[in-house]
Amino acid sequence: MSETRFAMEGKLLFAQSADGTVLDISKARLRPVDAVLVILGTPTEGYKPEGDAPTLNNNTGIREAALVLVKDHMGKYSLIRDPLYLDKCVVSRVQQAQEEGIEVRSVMSEENYYFQGESREDTIRWLRQLQYHAQGLGAWRQRRNAVPNIVVPGVRLRP
């Protein structure tokens, strides 16, 4: 039984900042791509990606999630780049001058990717899905073990 599933798919508008700096979405040249959100794992009853606000839940049964970007060039499909593994990305919302979008920052390569849906509702739906699947997957997000508080008893001076 295959554990690979497509959580979401559709068209997105895509731009990448050349040098890792913040990109102005309203002035950026966004190009259309086909996007597929692929998850690995068997969802459990704790898997609820359609919630209003993303919550940190590690009991979803999902082990990995990746955003695959494909471009169509005259009937031939090709990957734009390697898949964006969401456990190594930070997903955030971008609002600039009447434009709303999604920023995905790769922690490993420190590159910024910007996305917009075909409508505002699509953008919000993609944002919620990407944030839900990005939370709790990366080891860098896990809470570190407690460090003992070493308190050396002070020397009390007696008058």
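What follows draws every value from the coordinates through simple rules; no lab data is involved. These numbers come from a predicted model, not from an experiment. Cβ placement follows ideal geometry from the backbone for every residue including glycine, while neighbour counts extend to all protein chains displayed.
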Given a Förster distance of 25 Å, report the FRET efficiency between Phe6 and Gln95 from their Cβ-Cβ distance, rounded to the nearest 0.05. 0.30
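How charged is the neighbourhood of Ile102? Take every other residue with its Cβ under 14 Å from the Cβ of Ile102, and add Lys/Arg as +1 and Asp/Glu as -1. Before the final figure, lay out the partial values.
Numbers: positive: Lys11, Arg93, Arg105, Arg120, Arg125, Arg128; negative: Glu99, Glu100, Glu103, Glu118, Glu121, Asp122.
Spelling it out: positives minus negatives among the neighbours equals 0.
May I ask you to compute the full-extension gain from Met108 to Ile80, defined as 0.36 nm times their residue separation minus their alpha-carbon distance, rounded to one decimal in nm? Please list the in-between numbers first.
Details: separation 28, 0.36 × 28 = 10.08 nm, distance 1.78 nm.
Result for the pair: 8.3 nm of gain on full extension.
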